[in-house]
Amino acid sequence: MNALEELKHQFNDRVSFREKRPGITQLVAPFYHEDGDMLDIFIEKSPSKNKLRVCDHGMTLMRLSYSYELNTSNKERIFQKIIAENGVNEDNGNLFIDTVKGSLYVAILQFAQAIAKVSNMRHWRREVVRNLFFEDLETYVETEMASYHPQKSYQPISGDADHIVDFCFNSRPRPVYLIGVNNERTARLATITYQHLIIKKQHFVGTVVLESTDALGKRDWNRLLSAVDKTFPSLDDFREHGKEYLNRELV
Amino acid sequence: MATLTQQQIDDLIACRKVIVEPPRKEMTEERGSRRNDMRLTSEDRAHVFPVFMRINSTFQENFSAGLDYIVPGERDRICLLRCNGPHGEHVNEFLDEPDHHVTYHIHTAKAELLEQQKLPERYADITKEYATFEEALRYFLKRCNIAGWEEHFPAIARRSLFDGKGKP
């Protein structure tokens with residue numbers, strides 16, 4: 001019995017195979033994504049001697065990229081952790097497990113599980129990524145902008161703990177304050193803080209870094225824009241232009 | 001989770017859209033697939049639609065062109081429409097008689113699935129509208145009613161060999 005016949009037997013004849021390309025067999029099995037599409041699992045000879053490769057030819061990451069990009073070091077780190085913990089390797093987007101013929105069934109189950117976990121990273125946009133944004137912003141300011149002597153969680157008005165900014169770059173003639181914004185709540189807090197400082201006749205430059213321009217509704221956008229002096233529409237934009245902006249403002 | 005009626009979903013797909021962040025001139029190769037993106041809004045700028053275009057680098061028949069929708073004031077992003085190639089099987093398992101198919105298909109958002117907190121684009125229909133990524137993209141751009149798409153996709157805009165319902 002060859003490997004595929006044995007595999008079909010182990011799946012109780014509930015799977016079939018389709019030749020995708022010469023030497024690449026697509027597994028047709030009842031494993032589905034949440035949108036009803038079958039998991040993309042291929043079986044082929046491994047470059048390793050006497051082994052088979054279970055792989056996806058980049059399909060998992062392609063699907064993930066529809067709505068979620070591995071575009072920060074933290075997201076990449078989490079992705080690498082997921083695949084490592086599930087015994088999966090990656091070669092330029094191709095997720096794979098190399099296995100011997102006798103372990104093909106187990107490898108496929110393991111691979112399917114790993115695909116599901118990677119695909120579920122898109123759900124993190126609302127929860128974990130919210131925290132990753134502030135972590136990434138903080139890391140960038142404290143490492144790459146250390147020469148500007150940022151002060152974290154700064155109280156512009158001494159004793160007023162209700163109005164705090166994420167960072168203060170303090171220099172004459174006016175300090176530059178920075179607040180990270182990733183949703184309506186943080187947008188409203190930033191608006192309230194900066195408007196309060198204006199009412200109190202503080203001299204400052206108020207900036208915000210947005211996680212994404214998608215984060216806010218129209219009204220929150222309008223209120224925020226009327227209260228701040230400078231908006232960076234994304235963390236990438238802040239990384240690209242933040243230093244030159246501070247150089248101009250802190251002269 | 002966002003709630004939209006089926007009429008709202010259909011109107012969002014069909015409404016006239018403008019390109020606010022154009023696509024790159026060429027698709028970029030990244031981790032096993034070729035990729036391009038653009039961003040649209042409705043003509044009144046009230047609605048924002050990210051668009052993604054993907055082709056697998058190994059299997060050119062494994063492609064996808066999709067219209068997402070950013071639900072205003074929420075962190076939800078839902079897929080309204082997605083045109084796929086014959087990458088593998090799809091099943092509409094929630095139907096009274098689940099159907100499986102292995103061919104070109106189009107995912108369309110359904111309000112009832114949103115209500116059940118399932119992925120709204122879980123429903124997919126077989127299509128005969130296209131046989132390649134380029135044809136799928138042309139179909140997608142026209143179906144989503146995107147103004148000025150011809151300027152950004154000149155190769156797609158050239159007259160299709162099959163100009164009618166599969167007839168040359």
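Each value in this text was obtained by applying a stated rule to the coordinates, not by laboratory testing. Quick caveat: nothing in here was measured; it's all calculated off a predicted structure. Neighbour counts are summed over all protein chains in view; Cβ atoms, including those assigned to glycine, are modelled from backbone coordinates with ideal geometry.
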(message) Taking only Cα atoms of chain A, what ratio of Rg to Rh do you get with Rh as the Kirkwood inverse-distance radius?
(response) 1.18
(message) Within chain B, which is the longest segment that contains none of the GluC sites (Glu not before Pro) sitting in a DSSP loop with at most 14 other Cβ atoms within 10 Å?
(response) B:94-168
(request) Report the relative contact order of chain B, percent, no decimals, based on alpha-carbon pairs under 8 angstrom and at least 6 residues apart. (result) 20
(request) Please label the shape of the stretch A:200-239 as rounded, prolate or oblate, based on the square roots a ≥ b ≥ c of the eigenvalues of the alpha-carbon gyration tensor (a/c under 1.5 means rounded; beyond that, a/b larger than b/c means prolate, else oblate). (result) oblate
(request) Using a Gaussian network model of chain B whose springs link C-alpha atoms within less than 10 Å, name the residue from B:Lys25, B:Lys110, B:Lys17 with the highest mean-square fluctuation. (result) B:Lys25
(request) Sum up the charges of everything whose Cβ sits under 9 Å from the Cβ of A:Asp98, counting Lys and Arg as +1 and Asp and Glu as -1, but leave A:Asp98 out. (result) +2
(message) Let's test the formula: R0 of 45 Å, r as the Cβ-Cβ distance of A:Phe11 and A:Ser153. What FRET efficiency results, to the nearest 0.05?
(response) 0.20
(request) Inverting the mean 1/r over all pairs of different Cα atoms, compute the Kirkwood radius of the stretch B:6-148 and quote it in Å. (result) 15.7
(message) For chain B, set up a GNM with springs between Cα atoms under 10 Å and report which of B:Leu113, B:Leu12, B:Leu40 has the largest fluctuation.
(response) B:Leu113
(request) Mind jotting down the three principal axis lengths of the stretch A:128-249 based on Cα atoms? Whole angstrom, largest first. (result) 34, 31, 24
(message) Using the Cα centre of the protein assembly as shown as origin and beta-carbon charges of +1 (Lys, Arg) and -1 (Asp, Glu), tell me which of A:Leu109, A:Leu27, B:Leu12 is placed farthest towards the positive end of the dipole.
(response) B:Leu12
(message) Cut-off 15 Å, label point 7 angstrom out along Cα-to-Cβ of A:Val100: give me the residues of the stretch A:17-52 whose amide nitrogen falls inside.
(response) A:48-52
(request) With no solvent and one equal point scatterer per Cα, compute the Debye intensity ratio I(q)/I(0) for the stretch A:1-112 at 0.11, 0.16, 0.19 Å⁻¹ and report its log10, rounded to two decimals. (result) -0.36, -0.76, -1.04
(message) Under 8 Å for C-alpha pairs, at least 6 residues apart: give me the relative contact order for chain A, rounded to a whole percent.
(response) 11
(request) Could you please report the charge total around A:Lys152, scoring K, R as +1 and D, E as -1 over all other residues with beta-carbon less than 9 angstrom from its beta-carbon? (result) -3
(request) Would you mind pulling out the separation of the Cα centroids of the stretch B:109-132 and the stretch B:19-91, in Å? (result) 15
(message) Test of understanding: extend the Cα→C-beta vector of A:Asp91 to 7 Å, then name every residue of the stretch A:1-45 with backbone N under 20 Å from that spot.
(response) A:20-27, A:40-45
(request) For the stretch A:128-249, give the magnitude of the charge dipole about the Cα centre (Cβ charges: +1 Lys/Arg, -1 Asp/Glu; no others), in debye to the nearest 20. (result) 620
(request) Provide the FRET efficiency to the nearest 0.05 for the A:Ser73-A:Thr213 pair, computing r from the beta carbons and using R0 = 25 Å. (result) 0.70
(request) Just report the Cα centroid separation between the stretch A:1-52 and the stretch A:144-205, whole Å. (result) 56
(request) Largest first and in whole Å, give the semi-axes of the protein assembly as shown's equivalent ellipsoid, each being the square root of 5 times a Cα gyration tensor eigenvalue. (result) 44, 27, 19
(message) Run the reach check for A:Lys49 against lysines, Cα to Cα strictly under 18 Å, same-chain hits fewer than 8 apart removed. What comes back?
(response) A:Lys101
(message) What does the charge count around A:Gln113 come to, taking other residues whose C-beta lies under 14 Å from its C-beta (Lys +1, Arg +1, Asp -1, Glu -1)?
(response) -1
(request) Can you tell me the relative contact order of the stretch A:28-164? Whole percent, Cα pairs under 8 Å, sequence separation 6 or more. (result) 22
(request) Quick one: dipole size for chain A, taken about the Cα centre, charges +1 on Lys/Arg Cβ and -1 on Asp/Glu Cβ, in debye to the nearest 20. (result) 220
(request) Sort all Cα-Cα distances of the stretch A:167-235 into consecutive 10 angstrom bins from zero, then give the percent of pairs in each bin up to the one containing the longest distance. (result) 22, 56, 20, 2
